[in-house]
1. If packing is taken as the average number of other Cβ atoms within 10 Å across a peptide's residues, how do 422-430, 273-281 rank, most packed first?
2. Within the chain, what percent of beta bridges assigned by DSSP are antiparallel, to the nearest 5?
3. Can you list the equivalent-ellipsoid semi-axes of the range 146-230, largest first and in whole Å, using the square root of 5 times each Cα gyration tensor eigenvalue?
4. What size of dipole, in debye to the nearest 20, comes out for the chain about its Cα centre when the only charges are +1 on Lys and Arg C-beta atoms and -1 on Asp and Glu C-beta atoms?
5. Among rounded, prolate and oblate, which fits the chain when a ≥ b ≥ c are the square roots of the eigenvalues of its C-alpha gyration tensor, a/c under 1.5 means rounded, and a/b larger than b/c means prolate?
6. Counting Lys and Arg as +1 and Asp and Glu as -1, what is the net charge of the other residues whose Cβ lies under 12 Å from the Cβ of residue 247?
7. To one decimal place, what orientation-averaged projected area in nm² is obtained for the convex hull of the Cα set of the range 4-54?
8. Residues of the range 427-441 with backbone nitrogen within less than 14 Å of a virtual label 7 Å along the Cα-to-Cβ line of residue 361, please, listed as ranges.
Amino acid sequence: MMPIDSVDKEKSKRYFDTYTDRATVVPISKFKIDEEPQKPKVIRNLILDELLLDGNAKQNLATFCQTDLDENIHILMDKCIDKNMIDKDEYPASAEIETRCVNMIADLWNSPVSSDTIGCSTTGSSEAAMLGGLALKWRWREQRKKQGKSTDRPNIITGPVQVCWHKFALYFDVEIREIPMEEGRLLSTPEEILKRVDENTIGVIPTLGVTFTLQYEDVQAISDALDQYEKETGIDIPIHVDAASGGFVAPFLQPDFVWDFRLQRVKSINASGHKYGLAPLGCGWIVWREKKDLHPDLIFNVNYLGGNMPTFSLNFSRPGGQIIAQYYNFLRHGRAGYRAIHQVCVDHGIYIAQEMKKLGIFDILYDGKGGLPGAAWILKKDAKVGFNLYDLSERMRSRGWQIASYSLPGNASHMVVQRILIRHGFSHDMAELVVDDLKRSIDHFAKHPMVSGLTDEEGSTFYH
Ligand SMILES: *Cc1c(COP(=O)(O)O)cnc(C)c1O
């Protein structure tokens, strides 16, 4: 008699199922490319299964980036997956759409002649910041050379900035003079900026939607102060606004807030299309006030359909779908759509801030009003609770929520902040769920206090 298990083995060899396929019963390749190919669907499943361990993007309240993308965006992205943005000759229609987006954004930011400015798409605000910073450096260097003065010690002045400006300073050899946050002053002020500017200042970088607090810096007051400084010293210092998030919020929700090209001194602005521009990941923008504000030496001219296409970018090859999707959003939502979408998000942020305040143990750092959609709070100094904010973030992860907690930079590093960001795709129901889960977590800690809470190093979560 044949042993039963060998009969079964013969049969099972002929039987196909993803989870009996060889690729799924041996360890997956991690360090080397195997010699033998595998069945594509089996591998796809294996990879998708592994990706289940990623957080759920919609519950990621730590990111500014878009996580809600409609069916048409999926279709457009799919159709454009093989198009390279740099091949202006081969894909002239995509190139044209990029130009239209630049013109529309220049108009949104009140450029004096929006159809005759210069700007480009980038992979995000970080690349745009490098380009903006380089343009400032070139302008300054040329002026200094004309005056026969030294060009070895350029500096930029910033408030509490996103890490991309530290990268710019390091990579392109510019000193960054970041105004340190103080407990009582979380944004830059004209006074603090004036303390730091000098003849080597290539530009001042206010942020519209500060990463740490979601508030807008007062670009107009900064601009006025620099006007006064020029009157007194003859030194003309341009402003580049990092409007990564605010550039696609303020024009819709706070149209009277003056921060953009309405101010003469604002020479360039960057924003992330993939944040509140509602485009998929990989889309940023930079626009100069006027053509003359971008030094011609930085522009490479590529031959394009017999004409000349000026380009300025760090990357060469780049996907085109994001830009097409950005254009889709501009047409599909219109200004009214952007206004409606972002206003709803602001309202959810205000609601969450109010609910947090009611708990009595938090001081509200940002109440959701006047800046980006979201809220931020710190634990009251005298709050007698058995947890810190890192513990609370950690506990919220057990329900899938990703909520950033971090200590503030500069001289406010003793302050630990918890922050939530609200984006398109978030409902009042979700806001209630978050608040309920926060309350439940706080109740849990009341019953089971943490013996020793997480420290800055262990707890700090990404704040982008
Ligand atoms: C997100 C952000 C950046 C970086 O933008 P990416 O599009 O992620 O490269 C720069 N500055 C500010 C203020 C930001 O919020």
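1. Descending mean neighbour count gives 273-281, 422-430.
2. Beta bridges within the chain, antiparallel portion: roughly 65 percent.
3. Output for the range 146-230: semi-axes of 22, 17, 10 Å.
4. Here the size comes out at about 140 debye.
5. oblate
6. Here the count lands on -1.
7. 4.8 nm²
8. In the range 427-441, the label zone of residue 361 (backbone N under 14 Å from the point 7 Å along Cα→Cβ) covers 436-441.
A short reminder: the numbers here are calculations on the coordinates, not readings from a lab. Since the model is a prediction, treat every value here as computed from it, not as a measurement. Reconstructed Cβ throughout: ideal geometry from the backbone, glycine too, with neighbour counts over all protein chains shown.
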